[in-house]
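The values are calculated or read from the model by the stated rules, or taken from the named source; none is laboratory data. Source: prediction; values computed, not measured. Heads up, the Cβs are rebuilt from the backbone with ideal geometry, glycines too, and the neighbour counts pull from every protein chain shown.
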Amino acid sequence: MIKAPDYLNNKLLSALSEDARKRLQCHLRLIKLPAETALYEAGDAMEDVFFPSDAIVSLLYVIEDGHSSEIAMIGNEGMVGIALFMGGLSTPSRAIVQCAGHAYCLSKKHLMAEFDLHGEFHHLLLRYTQTLITQMAQTAVCSRHHSIDQQLCRWLLMSMDRRQGDKLDITQELIASMLGVRRESVTRAASKLQEAGVIQYQRGHIRVLNRPELERLGCDCYAVIRKEYDRLLERVREGVES
């Protein structure tokens, strides 16, 4: 049996009523997710979904030459594996652990048993899917129209939202892979933020020193994504259905 303080770190699970959580609780399995672990590859048939607790997972689109770019980031606000309840069973994207941590794994069988009740879990996951689509669309806009400096600010803000505290363990090389840019570009952008006293960076460790300034230097994409998530999740808490 998983202790409530643990699995309630995931905001989707914590948004459920006590009855719904009790039905799922005995089927949740706590697993450790080392950095750069692939939860699934493009085209894989999915058998489980994952509710991150303190890990961050990136959904990547990989092109033929091997290069990739992040299309969405999922942490303790969400769930990895929406294709299972959307009927696709697989996706053309790759899910890789960006920051090590833990997640709660739920099998396809138990996911669909609760989803098919067409109750609060059903509506919660559909609303979460809408926020994920918003994130994907805004990320595409950001990558096309905003500077690498602004993209890095957005990416750091989104990562910090999904971690407890102000620190992030990640290399510039991995950030560059997420943004789909050259490492040198990330190095220059990170150096500017460090010189401005916004972040501190040392050998794979980033600490945000001035979050308000990080938000000011970024584009409005972060605010759009955050606002949509807050709006839809708050409606779930209030029991409002569209």
Tabulated pairs, the stretch 20-37, first free of Cβ contacts under 8 Å to residues at least 40 places away in the same chain, second assigned to a loop (DSSP other than H, G, I, E, B) and surrounded by 13 or more Cβ atoms within 10 Å (Cβ to Cβ), C-beta under 7 angstrom, 6+ apart or interchain: Gln25/Ile2
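Checking the structure you have, find out if any residue of the stretch 106-118 is of a type in the set (Ser, Thr, Tyr) and touching a helix residue (DSSP H, G or I) at 6+ places or on another chain (Cβ under 7 Å).
Initially, the stretch 106-118 is screened for residues of a type in the set (Ser, Thr, Tyr), giving 107.
In the following step, the residues that additionally are touching a helix residue (DSSP H, G or I) at 6+ places or on another chain (Cβ under 7 Å) were identified as none.
Looking through the stretch 106-118, none of the residues is of a type in the set (Ser, Thr, Tyr) and touching a helix residue (DSSP H, G or I) at 6+ places or on another chain (Cβ under 7 Å).
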Residues satisfying the stated conditions in the stretch 117-135, i.e. assigned to a helix (DSSP H, G or I) and either in contact with a Pro (Cβ under 8 Å, 6 or more places away or on another chain) or surrounded by fewer than 16 Cβ atoms within 10 Å (Cβ to Cβ) (or both): His122, Gln130, Ile133
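Of the residues Ser69, Ser107, which is in contact with a His (Cβ under 9 Å, 6 or more places away or on another chain), outside the structural domain of Arg154 (by TED's automatic domain parsing), under 19 Å from Ala38 (Cα atoms) and not hydrophobic (A, V, I, L, M, F, W, C)? Show your work before the answer.
On the way: Ser69 fails: in contact with a His (Cβ under 9 Å, 6 or more places away or on another chain).
Criteria check complete, one pass: Ser107.
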Exactly one of Leu60, Leu13, Leu30, Leu8 is within 26 Å of Ser90 (Cα to Cα) and touching a helix residue (DSSP H, G or I) at 6+ places or on another chain (Cβ under 6 Å), and that one is Leu13
